[in-house]
Amino acid sequence: MTDPYAHDPYADDAAKAHRLGRGVAAFMGRWRGAIRRRPWLNTVYKVLVTALGIAIVVIGLILVPLPGPGWLIVFVGLTLLGTEYHWARRLLGWLRRVLARFWERWNAWRAARKAAREEAGRGSGADTRKGPSRSSSPRAISRVT
């Protein structure tokens, strides 16, 4: 059998989470099985999970443009919906892949920008620090006059 995490750069983290999640998954499976044996309880459970999951996703989407954990809240809501709906699991998987690609591109862009700044700083010999230079400080100007 091939390792499902062989191509993943975060394979150790994923494998550890998979091992830690086995006990939780076994407990949740037993608990969910007990709920499924009672049709009325299964319906109530599914309605509650759906309502709570949609509410969490909507609140997260409202918070996305604001500073804070908007996308994290959306992911939590989709995870909750994913416990009952396959479409939510597929959407969450797609969003994780998109986020991973974005994060890799962002880090590559930042590294390239940092390298370009360092190259420009070495080539011109200028001081690349932000802020006023020493010669333009108010004290230096008052000493000259």
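The values are calculated or read from the model by the stated rules, or taken from the named source; none is laboratory data. Small disclaimer: the values here were computed from a predicted structure and weren't measured. FYI the Cβ positions are ideal-geometry reconstructions off the backbone, even for glycines, and counts take in every protein chain you see. Side chains are part of the model used for accessible areas, which takes the heavy atoms of the whole protein and leaves out ligands, DNA and RNA. Shrake-Rupley method; radii C 1.70, N 1.55, O 1.52, S 1.80 Å.
Among the residues of segment 43-57, is any open to solvent by less than 100 Å² (accessible area, probe 1.4 Å), among the charged types (D, E, K, R), out of contact with any Pro (no Cβ under 8 Å at 6 or more places or on another chain) and not in a helix (DSSP H, G or I)?
Within segment 43-57, none of the residues are open to solvent by less than 100 Å² (accessible area, probe 1.4 Å), among the charged types (D, E, K, R), out of contact with any Pro (no Cβ under 8 Å at 6 or more places or on another chain) and not in a helix (DSSP H, G or I).
Could you figure out which of (1) assigned to a helix (DSSP H, G or I); (2) hydrophobic (A, V, I, L, M, F, W, C); (3) over 25 Å from Gly33 (Cα atoms) isn't true of Leu66?
(1)
Of the residues His7, His18, which single one is within 18 Å of Arg96 (Cα to Cα) and either modelled with pLDDT of 80 or more or exposed (fewer than 10 other Cβ atoms within 10 Å of the Cβ) (or both)?
His7
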